[in-house]
Amino acid sequence: MGATVFCTGGLAYYMYSEYKPAIHRYMPWLDHLPFSGNSKTKTDQAKIDVIEKQARAQRRKRVDMVPKSSLEPTQQVNWAWSNPGLYLTGSNEYGLIDPLHPDSGVGYKAAVPGLQGKLLRSAAFAKTHAAAVDADGNLYQWGTGFVGGNLPHKPVCTLHDSSVREVATSKAFVAVLDSKSRVRILRGDNSQVDNMASVAKDPCGFVEFKPRLGWREHVVSISAGEDHLAARTSSGNVYTCALGASGNDRHQLGHSAASVPSDTNNIEPFVLMRIQSKHLFSSVVCGGRHTLLQTTDGEVYGCGANDFGQLAMGPYAKENATVRQLTPLRRIWTNSLFDKEGSRAESISAGSATSYVHIREGASRKLVSFGRGIDGQLGNGSMSHIQGTPVVVRELSDKQEYDLASKQQQPLGIRSMSAAGDHIVVVCDNQTNVTLDGSGNSFNKHPLYGYDVLVWGNNESGQCIPDRKHRISAPAHPPLLYKHISQKSDPGNRFSTSSKDDVTGAFRLQAAPKQWVLGASFNGSESHSGSSKKYLVEQVFVAGPDVTAAFLKQC
C-alpha cells in the first residue's frame with residue numbers, strides 16, 4: 001500500500017511539473033490554493049512577466065540572427081563560396097557570436113557582426129575572447145573579456161600587418177604568427193592579464209626564440225593551451241613557452257629537467273625555448289594543460305596533465321597523473337608497438353582534457369580518442385569520466401567509399417580535426433565533384449558536393465547542434481549554416497539523411513572544397529564589389545570552448 005501511494009504521488013508530481021503551464025492555463029485557481037505553494041503577489045508576478053518577456057525576445061532574436069538564403073540546401077557549397085564571413089554556433093555568454101548583445105543566451109547560429117563579407121586567414125577562440133585575421137592582415141579582437149565587461153561592441157581592429165597569417169588564443173592572450181616567422185603576444189582577456197602580478201614585464205610584443213631559428217628555418221604553425229604556447233618550424237623543431245606563471249605547472253612545455261629550472265613555476269614566461277629531442281616533428285597541438293607532438297615518422301609523443309587519461313598512460317594512478325617529460329603514446333598502437341612501416345599517425349588534435357589521433361594502418365584508417373569523456377567527447381557512444389586507454393570512434397574508422405577515378409574502394413580519411421573545450425568538429429576527406437577551375441565560374445554548377453562535417457561532445461550551449469542541449473556521444477551531422485526560406489526535405493538527394501541516422505534535420509552540413517571564386521560574387525563585401533579578381537578559397541571549421549566556427553579562408 002505504501003509503495004502504491006509513493007509511486008502514485010511521484011507520478012502525479014511528475015505530470016504536474018511537466019504539464020504545469022497547460023494545467024494552470026485551464027485551472028488558474030490552483031495558484032491561489034493554500035497548498036499550491038504558488039501564491040504570488042502582484043510584484044512577483046510582474047517580475048516573472050518581465051523574465052518571460054525577455055526570454056521570448058531572446059528566442060526571437062536567435063531565430064532572426066540565423067543567416068537566410070533563397071538557395072536550396074543542395075546549393076550550400078555555392079552559398080559558402082559566395083558568403084564570406086565568420087559564422088558561429090553556440091554560446092553568446094561572452095559576446096563571441098553577437099558582441100552587440102553579450103550575455104544573451106545559448107543556442108545561437110549567426111554571422112559575427114562587423115566581419116560579414118570578409119575572407120579570413122585564421123580565427124581562434126578562448127572562453128571570454130576571440131581573434132580573427134582577414135585576408136588583408138587586419139587582426140580583429142572581441143568578447144567581454146577583451147572589452148572588460150558586458151559592453152555592446154563590434155570586433156576591434158587591433159593590428160594591421162599584411163604579413164600576419166595565423167592566430168592562437170590562450171586563456172588571457174592572443175598569439176600572432178606572421179610570414180616573417182615572428183610571434184607576437186597581444187592582450188586577450190584584460191581581466192586575466194591584470195591579475196598576473198608575477199609577470200615582471202609587459203608580455204605584449206615579439207617573443208624571443210632560444211636558441212634562435214636556424215638559417216632559412218621558419219615557423220610553420222602555432223597552437224595555444226590555457227596558459228602555454230607551441231610553435232613548429234620548417235626544420236621539424238618545436239618551441240614552447242609559458243604564457244604566465246602557471247604555463248608549465250603540469251610540465252606541458254616538454255622540456256627536459258636539464259633545460260629548465262627544477263621549480264617549474266620559476267620558468268621564464270614568454271620566451272620560446274626549443275624542445276631537446278632527436279625526433280623531427282610534423283605537428284604539435286596544445287590541449288588545456290597537455291601537449292601532443294607528431295613526428296615525421298608518424299609516432300605520437302605527449303607531456304603534461306594526464307588526470308583524465310588524455311596522454312593514454314593507462315588506468316589512472318597518482319604516478320602518471322602528470323607526465324613530466326616527452327613520452328611516446330604507445331597504447332595507441334596495436335600491441336603497444338609503433339611500426340612506421342605498418343602504421344602511422346596522420347593527424348592529431350586536443351581539447352581541454354581529451355586527445356584524438358587519426359591513424360593509418362595499411363590501407364585502412366581509424367580515429368582513436370582518450371581522456372575526459374563525460375560529455376560524450378570520446379565519440380564512441382560512452383560517457384566515461386576517465387579514459388586512459390584509446391577507444392575507437394567507429395563512425396570514422398575502417399570506412400570506405402567508391403572512387404570513380406580509380407574504380408576501386410578507397411579508405412575514407414579525415415581532412416581536418418579541431419577540438420576545444422569538450423567538443424570536436426571533424427571535416428571528412430570524402431569524394432566531391434568539385435574540380436579546380438581558374439575561370440572562377442565553376443561555382444555556378446549544380447549540385448556540388450562538399451566534405452561531410454561531423455561534431456560530437458558537449459552541447460550544453462548548442463555548440464554542436466544549436467537547437468538541442470543534450471550531450472552527443474557519437475559523431476553527428478550538424479544542420480546547415482543558413483536557413484532556406486522554403487526548405488523541403490528530399491530523401492532521395494545525397495545531402496539528405498534519414499531520421500534514423502541524423503537528428504539534425506533533413507540536410508547535413510558539408511564544407512565547401514577549395515575553388516577559384518570571383519570577388520564580384522561575394523555577398524556583403526564592399527571591398528570586393530564589382531571586382532574581377534579571382535580568389536582561391538576553402539571553407540574551414542574551427543572549434544572554440546563553447547562555440548563552433550566556419551569561415552571562408554583565402555588559400
Scanning region 166-193 for residues that are basic (Lys, Arg) and more than 23 Å from Trp215 (Cβ to Cβ), the one surrounded by the most Cβ atoms within 10 Å (Cβ to Cβ) turns out to be Lys171
Out of all the residues in region 370-385, is one or more charged (D, E, K, R) and modelled with pLDDT under 95?
no
Would you mind stating whether Ala46 is surrounded by fewer than 23 Cβ atoms within 10 Å (Cβ to Cβ), hydrophobic (A, V, I, L, M, F, W, C) and either part of a helix (DSSP H, G or I) or at pLDDT below 85 (or both)?
yes
Checked region 153-172 for anything farther than 18 Å from Val542 by Cα and not in a loop (DSSP other than H, G, I, E, B); matches are Val156, Cys157, Thr158, Leu159, His160, Val164
Among Asp437, Asp398, which is the only one that is more than 30 Å from Lys534 (Cα to Cα), acidic (Asp, Glu), over 24 Å from the mean Cα position of the chain (by Cα) and surrounded by fewer than 22 Cβ atoms within 10 Å (Cβ to Cβ)?
Asp398
Could you count how many residues in region 346-373 are free of Cβ contacts under 8 Å to residues at least 40 places away in the same chain and among the aliphatic types (A, V, I, L, M)?
2
Enumeration of residues in region 491-529 that are modelled with pLDDT of 50 or more and open to solvent by 70 Å² or more (accessible area, probe 1.4 Å)
Lys514, Trp516, Asn523, Glu526, Ser527, Ser529
Given (1) at pLDDT 90 or above; (2) aliphatic (A, V, I, L, M); (3) within 17 Å of His228 (Cα to Cα), index of the condition Val156 fails
(3)
Residues that are within 24 Å of Cys241 (Cβ to Cβ) and within 25 Å of the chain's Cα centre (by Cα), drawn from region 303-321:
Cys303, Gly304, Ala305, Asn306, Asp307, Gln310, Leu311
Selection from region 308-339 of residues that are within 26 Å of Gly362 (Cα to Cα), open to solvent by 10 Å² or more (accessible area, probe 1.4 Å) and assigned to a loop (DSSP other than H, G, I, E, B):
Met313, Trp333, Leu337, Phe338, Asp339
Please work out if Gln463 is assigned to a strand (DSSP E or B), modelled with pLDDT of 90 or more and within 30 Å of Val393 (Cβ to Cβ).
no
Residue pairs qualifying under the 6 Å Cβ cut-off, at least six apart or on distinct chains, with the first in region 395-421 being touching a residue at least 60 places away in the same chain (Cβ under 8 Å) and the second being open to solvent by 40 Å² or more (accessible area, probe 1.4 Å) and in a strand (DSSP E or B), are Gly413/Arg365
Which number in (1) over 17 Å from Gly287 (Cβ atoms); (2) crowded, with 22+ Cβ neighbours inside 10 Å marks the one condition that Arg344 misses?
(2)
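Yes/no matrix, rows are residues, columns are (1) crowded, with 23+ Cβ neighbours inside 10 Å; (2) polar (S, T, N, Q); (3) under 20 Å from Arg165 (Cβ atoms); (4) touching a residue at least 60 places away in the same chain (Cβ under 8 Å):
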position	(1), (2), (3), (4)
Asp64	no, no, no, no
Pro67	no, no, no, yes
Gln75	no, yes, no, yes
Ser91	yes, yes, no, yes
His101	no, no, no, no
Val133	yes, no, yes, no
Residue that is farthest from Leu253 (Cα to Cα), among those in region 295-307 that are surrounded by fewer than 24 Cβ atoms within 10 Å (Cβ to Cβ) and of a type in the set (S, T, N, Q)
Thr296
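The values are calculated or read from the model by the stated rules, or taken from the named source; none is laboratory data. Not measured: the values here are computed from a predicted model. Note: ideal-geometry Cβ built from the backbone for every residue, glycine included; neighbour counts use all protein chains shown. Protein only, heavy atoms only, side chains kept; ligands, DNA and RNA dropped before computing areas. Shrake-Rupley method; radii C 1.70, N 1.55, O 1.52, S 1.80 Å.
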